[in-house]
1. Exactly one of these conditions fails for residue 14: (1) modelled with pLDDT under 55; (2) open to solvent by 40 Å² or more (accessible area, probe 1.4 Å). Give me its number.
2. In region 87-119, what count of residues is obtained for those that are open to solvent by 60 Å² or more (accessible area, probe 1.4 Å), part of a loop (DSSP other than H, G, I, E, B) and of a type outside the set (D, E, K, R)?
3. Residue by residue through region 70-86, note down the ones that are of a type in the set (Lys, Arg), surrounded by fewer than 14 Cβ atoms within 10 Å (Cβ to Cβ) and either free of Cβ contacts under 8 Å to residues at least 24 places away in the same chain or in contact with a helix residue (DSSP H, G or I) (Cβ under 8 Å, 6 or more places away or on another chain) (or both).
Amino acid sequence: ASLVGEPYFFGDLSATDAERMLSKVPGAYLVRFSARSPYVSSLSQQDATQLTGGDDSLLFDCFALALLLCSGQFTISKVVKGGKKLHVNVLYRPATRDFTVGENEYPTMAGVIAARPELTTPQPESHYHVFQSDRPATLEF
C-alpha cells in the first residue's frame, strides 16, 4: 500500500507538533516528513487540492507521485519508556525505492516499522485520513 494511505502517516508535521499529538503511552508512533527533507512543504495538502480540484482519488495519486519521484527524509516520532518522545530519521531513495535507517535498508516504511518492535501503536487521527480508503493504491512503495 502507499505510504500516504497508511494510518500512521501524518505528512508535513513539525517535531513539536508531533510531540504534542503523540500519546504518552510507550510504543505510540507516527511517520511524518522530516524537516531535513528537500521536499517538505513543497506539496502541501492545500496545494494538491488546488491542483486536483479537490478530487480525493486524484489527491491520493498526486501525493503518491510526489513521494515516488522525490528523494528525501521521513521521521518516525515515537514514545519510549517514561513517556519520552524521540525521533528517528529515515531516508527514502527513489532510484533504489528503499527506505534506509542507519545502514539498514527496507523495501517499505512498513518494513522499517516491523523491524522496530518498540513501535506498537500507530497514533490515531492522521490528518491524511482522506487518503485512507479501501480503493487499491495505484503506486506501491
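1. Of (1) modelled with pLDDT under 55; (2) open to solvent by 40 Å² or more (accessible area, probe 1.4 Å), only one is false for residue 14: (1).
2. 5
3. 84
The values are calculated or read from the model by the stated rules, or taken from the named source; none is laboratory data. All figures in this text were calculated on a predicted structure; none of them were measured in a lab. In this analysis, Cβ positions are derived from the backbone assuming ideal geometry, glycine residues included, and neighbour counts consider all displayed protein chains. Side chains are part of the model used for accessible areas, which takes the heavy atoms of the whole protein and leaves out ligands, DNA and RNA. Shrake-Rupley method; radii C 1.70, N 1.55, O 1.52, S 1.80 Å.
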